[in-house]
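The values are calculated or read from the model by the stated rules, or taken from the named source; none is laboratory data. Everything quoted here is computed from the prediction, not taken from an experiment. Using ideal geometry, Cβ is built from the backbone for each residue, glycine included, and neighbour counts are taken over all protein chains shown.
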Amino acid sequence: MHFVVVGVGYTGKRVCNLLPSDRVYLVNRSELNEKLQKLPNQTVDLDSSSHEGLTLPAPCTVLYTVPPESHENARLENFLRNLGSEVQRIVYLSTTGVYGDRGGAVVTEECVPKPTTDRAKYRRAAEERLLKWSSEKSAEIMVLRVPGIYGPDRLGVSRLAAKDAVISEVDANPGNRIHVDDLATCCIAAMTLDVPTGIYNVGDGDYRSSTWFAKTVARLADMSAPREIARDEALRIF
């Protein structure tokens, strides 16, 4: 089985590092760095409906990380249009934002999606499109609903350095996060065909607030703790 990663960004690069180099194939919009260039790859502009067809190894499972640009999601449509029977499973990185604002309540995969932001609506539309495609092509779909991703260079250090204020911890909502390395491990598991298909919420299980997270990063980085403001003031500022 070959493993195809479409969209080699922050998470995609981590996944590539965990996959066997002799069975990985990369599809990206721009040229890859020197290390990843050594792996089999293809540069494709998914925004263009006239791009040359994809040539993927067979059989393969695909990790699709490319964010949708609209509700119609031409990128995804252009990608699906070029697929053949070589693809046995697509793993799609969606967002827990599809559940909408639940007022701090815990959600499960059984909760009905109620996206409110454009980003979440686009992701939900992509989920539905992929589920339709899978039924048409008799291929498998795995959806990973992902919260905020943190890790190296994604810790909010620049905001701390800029002295940006945060909502006071007593007013802050519960948090929802996953470390990029944990997410990469989840992606690898999802690309393995003996793992049951379906929709999975992935997160680190630590629901402490984003304010707690920022204060913890500041302490560990030996930086000043962020200034805390009331929720009402934050709504006016932000």
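Need pairs with beta-carbon distance below 9 Å; first residue closer than 11 Å to residue 79 by Cα and within the stretch 40-52, second at pLDDT below 75; sequence gap 6+ or separate chains.
Between residues of the stretch 40-52 that are closer than 11 Å to residue 79 by Cα and residues that are at pLDDT below 75, the close pairs are 44/51; 44/52; 45/51.
So which residues in the stretch 70-112 are hydroxyl-bearing (Ser, Thr, Tyr) and within 17 Å of residue 141 (Cβ to Cβ)?
85, 92, 94, 95 - these are the residues of the stretch 70-112 that are hydroxyl-bearing (Ser, Thr, Tyr) and within 17 Å of residue 141 (Cβ to Cβ).
How many residues, within the stretch 201-234, are in a helix (DSSP H, G or I), closer than 28 Å to residue 127 by Cα and aromatic (Phe, Trp, Tyr)?
Residues that pass the stated criteria total 0.
So which residues in the stretch 192-218 are without any contact (Cβ under 8 Å) to a residue 12 or more places away in the chain and more than 24 Å from residue 12 (Cα to Cα)?
216
Yes/no matrix, rows are residues, columns are (1) of a type outside the set (Gly, Ala, Ser); (2) in contact with a Cys (Cβ under 6 Å, 6 or more places away or on another chain); (3) outside any loop (DSSP other than H, G, I, E, B); (4) under 25 Å from residue 146 (Cα atoms):
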{"site": "13", "(1), (2), (3), (4)": "yes, no, yes, yes"}
{"site": "46", "(1), (2), (3), (4)": "yes, no, no, yes"}
{"site": "54", "(1), (2), (3), (4)": "yes, no, no, no"}
{"site": "58", "(1), (2), (3), (4)": "no, no, no, no"}
{"site": "66", "(1), (2), (3), (4)": "yes, no, no, yes"}
{"site": "75", "(1), (2), (3), (4)": "yes, no, yes, yes"}
{"site": "85", "(1), (2), (3), (4)": "no, no, no, no"}
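Is there a residue being of a type in the set (S, T, N, Q) and under 16 Å from residue 71 (Cβ atoms) anywhere in the stretch 100-110?
no
Starting from the stretch 219-233, take each residue that is loosely packed, with under 12 Cβ neighbours inside 10 Å and list its partners that are in a helix (DSSP H, G or I) and small (Gly, Ala, Ser), counting only C-beta distances under 7 angstrom and pairs at least six apart or across chains.
Between residues of the stretch 219-233 that are loosely packed, with under 12 Cβ neighbours inside 10 Å and residues that are in a helix (DSSP H, G or I) and small (Gly, Ala, Ser), the close pairs are 224/218.
What pairs come up if the first residue lies in the stretch 177-191 and is part of a strand (DSSP E or B), the second is among the acidic types (Asp, Glu) and surrounded by fewer than 17 Cβ atoms within 10 Å (Cβ to Cβ), and their beta carbons are under 9 Å apart, counting only those six or more places apart or on different chains?
177/204; 177/206; 178/204; 179/204
I'd like the residue in the stretch 15-26 that is assigned to a helix (DSSP H, G or I) and not basic (Lys, Arg) and, out of all such residues, is surrounded by the most Cβ atoms within 10 Å (Cβ to Cβ).
15
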